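A.B. asks: Just passing along the structure, written as structure tokens.
Quick note: the coordinates plus some simple rules give every number you see, no bench work behind them. Bear in mind that the values here come from a model prediction, so they are computed numbers and not experimental data. Quick reminder, even Gly has a Cβ in these numbers, built from the backbone with ideal geometry, and neighbours come from all protein chains shown.
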Amino acid sequence: MATTSEQTRTFLELKQNPDSNQHWDSFINSWSGFFNTIISRKLYAYPSLWEDAKSEAIFKLFKHIGKFNETQEISPWLARIISNVCEDIKTKNEKKIIDKSKLNCSEKQYIDVVSIDDDIFEKLSVKTDPDAEINEMFDCLWECVNTALDKYVKDERKKQAFLLCYRYNYKLREIAAIFRLEQSTVNNWPGMVLRKIAPYVKAEMSALGYGA
């Protein structure tokens, strides 16, 4: 994105006096759209994190703006700061989801049936099983699922909603809260994704020897 003369002015004024509230207000007013555009692209599947990312990026800017070389282009330099913040926040959020799943499911999750059909994900249960073959089947299943998600599901929010529902046992109201949407909007997302990837997963699992 090209930098306007107004954006250049407010940025350089802020660099000269980063403790000025007036300069911060002017900077935010002229650069807010720039921040929002990058954050919404980088964290498309995590709208609940957008405000946190913006606040963190502004904090990082405060720390580093004094090091900015005025012979550089402003927008690529600032875009790198915002992008790095988004990646850090995304990583922390995904780790938090995994950590929470471990709290909800302290035992090994596995499929309690060998038959693979369109309702396979409804048959996941939380149990302990000493049978290594069952554990191996569980790992194969999710490897097929992840491949299918990457190949057939382009909407990152729906993909994330599916994983939250079927892998990490989140309730639909919790998923809606994460995306800051009405529950009625997300109610069908996990099921829609399931119907889309189920034929591929069934075929792949059958090819691996886990067929009906």
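A.B. asks: With labels modelled as points extended 7 Å from the Cα through the Cβ direction, what inter-label distance (nm, one decimal) is found for Arg41 paired with Asn169?
C.D. replies: Here the answer is 3.9 nm between the modelled labels.
A.B. asks: Compute the length gained on full extension between Asp150 and Tyr200: take 0.36 nm times their separation in residues and subtract their Cα-Cα distance, giving the result in nm to one decimal.
C.D. replies: Details: separation 50, 0.36 × 50 = 18.00 nm, distance 1.20 nm.
Answer, rounded to one decimal: 16.8 nm.
A.B. asks: Consider a paramagnetic label point 7 Å from the Cα of Thr4 along Cα→Cβ; state which residues of the range 17-31 have an amide N under 18 Å from it.
C.D. replies: It comes to 23-31, nothing else.
A.B. asks: Still on this structure, please answer the following. Between Leu181 and Ser55, take the C-beta separation as r, use R0 = 25 Å, and let me know the FRET efficiency to the nearest 0.05. Working shown, then result.
C.D. replies: On the way: r = 22 Å, r/R0 = 0.86.
Calculated transfer efficiency: 0.70.
A.B. asks: What whole-number distance in Å separates the alpha-carbon centres of the range 166-209 and the range 68-92?
C.D. replies: Taking the Cα centre of the range 68-92 as reference, the centre of the range 166-209 is 33 Å away.
A.B. asks: Here's something else I'd like to know. Structure shown: which of Lys15/Lys92; Lys54/Lys196; Lys54/Lys158 lie over 26 Å apart, alpha-carbon to alpha-carbon? Write out the running numbers ahead of the final one.
C.D. replies: On the way: Lys15/Lys92 30 Å; Lys54/Lys196 34 Å; Lys54/Lys158 23 Å.
As for pairs spanning more than 26 Å Cα to Cα, those are Lys15/Lys92; Lys54/Lys196.
A.B. asks: Same structure again: Take Met192 and Thr91, extend 7 Å from each Cα along the Cα→Cβ direction, and tell me the distance between the two endpoints in nm.
C.D. replies: Taking the simple label geometry, Met192 and Thr91 are separated by 3.2 nm.
A.B. asks: With the crude spin-label approximation of a point 7 Å out along Cα→Cβ, what separation in nm comes out for His64 versus Gln16?
C.D. replies: So the label points at His64 and Gln16 sit 2.4 nm apart.
A.B. asks: Would you kindly derive the ³J(HN,Hα) couplings of the range 56-70 from the backbone phi angles with the Karplus curve 6.51 cos²θ - 1.76 cosθ + 1.60 (θ = phi - 60°), listing them in order in whole Hz, with x for Gly and Pro?
C.D. replies: Computed from phi, the couplings for the range 56-70 are 5, 5, 5, 5, 4, 4, 4, 6, 10, 4, x, 8, 5, 8, 5 Hz.
A.B. asks: Between beta-carbons, use under 10 Å as the cut-off and find the net charge around Asp88, counting Lys and Arg +1, Asp and Glu -1. If you can, show how the numbers build up before the last one.
C.D. replies: Numbers: positive: Lys60, Lys90, Lys92; negative: Glu56, Glu87.
Net charge around Asp88: +1.
A.B. asks: Pull out the extension gain between Ser32 and Trp142, defined as 0.36 nm times the separation in residues minus the alpha carbon to alpha carbon distance; nm, one decimal.
C.D. replies: Once the chain is fully extended between Ser32 and Trp142, it gains 35.6 nm.
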